[in-house]
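One structure below.
The values are calculated or read from the model by the stated rules, or taken from the named source; none is laboratory data. Just so you know, these numbers come straight off a predicted model, no measurement behind them. With ideal geometry, Cβ positions are generated from the backbone for all residues, glycine too; neighbour counts draw on all protein chains shown.
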Amino acid sequence: MPQLCDDSFEEHVLPYPPDKTGLHLHGLNVCSEVFETMPTDEVDAFAEKWGFIKTQTTVINSIHEVKDFTAACAIKGEWKGEPIEGFVVRAGVMKARKNGSPYRDGSSFFFKVKFDEPYMMYRDWREVTKYLLSPKGAMNPRNLPKSKMKRSETKVYVNWVIEEFKRNPDAFKDYTKGKGIIATREKFLTWLKSDNGERGLAAVGKDDEIVPSTSDVREYSKTIIVPVAIPGCGKHFVFFGQIFC
């Protein structure tokens, strides 16, 4: 499971310095009916032999320790001095069938711990910018999804992007191709600390509480989530469909 991290090709939420640019190896899966992933030492040895960038890991022995560890990292927003969005937890299934799990006892299992702040907000900024730049968004804040606009910082960000686009549209020419995302965000964060930024933040008021309208809620009795892939094959290759009954 390699992942290409190269800001010159495509930017994500966090920047990658030159020494972290390249193919990061997150894991190696066994080609078998039952999901099975190789231990970290074998993954690291493979990465070193074939020129991949090794993924930093640590071993924690219980789910309670995982919660404490990730909660502490979430407060700092970093691990080992580097900003992070969260963790992928590589674990094993114990007594699966007794608990109604579809996985076999002893099989591998992954789950993610994602930090909400500030990375979810940064993701919202990326998505609203792309939407504003699209023909459907048309640089009109009224066209944006309300679910993305609950944060006061995001409201100010949207106004700033629109004005910035009017001044310098060329700065956004490659944004939808995954370039300029980090530079745009950093420029806004610098502006937000200025007097104009503080006034803009004060003008929009507090965060909104999004309450879904009952007319927008579709009534159904059950939801079936169908994974069309095996666990651990990579999020870009997995599709989840919802069937309303």
Checklist entry - So D105 fits all but one of (1) in contact with a Lys or Arg (Cβ under 8 Å, 6 or more places away or on another chain); (2) over 30 Å from H26 (Cα atoms); what number is the exception? => result (2)
Next on the checklist: Can you report the number of residues in segment 48-79 which are modelled with pLDDT of 90 or more, of a type in the set (D, E, K, R) and over 17 Å from H26 (Cβ atoms)?
Outcome noted: 3
Next on the checklist: When you check G241 against the structure, is it at pLDDT 90 or above and either in contact with a strand residue (DSSP E or B) (Cβ under 9 Å, 6 or more places away or on another chain) or not in a loop (DSSP other than H, G, I, E, B) (or both), yes or no?
Outcome noted: no
Checklist entry - Does L23 satisfy the criteria of being of a type outside the set (F, W, Y), more than 14 Å from F115 (Cα to Cα) and in contact with a strand residue (DSSP E or B) (Cβ under 9 Å, 6 or more places away or on another chain)? => result yes
Item to check | Number of positions in segment 125-148 that are surrounded by fewer than 17 Cβ atoms within 10 Å (Cβ to Cβ), under 26 Å from L14 (Cβ atoms) and charged (D, E, K, R) | outcome: 2
Checklist entry - What number of residues within segment 37-84 satisfy the criterion of being charged (D, E, K, R) and surrounded by 15 or more Cβ atoms within 10 Å (Cβ to Cβ)? => result 2
Checklist entry - Hey, among the residues in segment 178-201 that are touching a residue at least 40 places away in the same chain (Cβ under 8 Å) and not in a helix (DSSP H, G or I), which one's surrounded by the fewest Cβ atoms within 10 Å (Cβ to Cβ)? => result G178
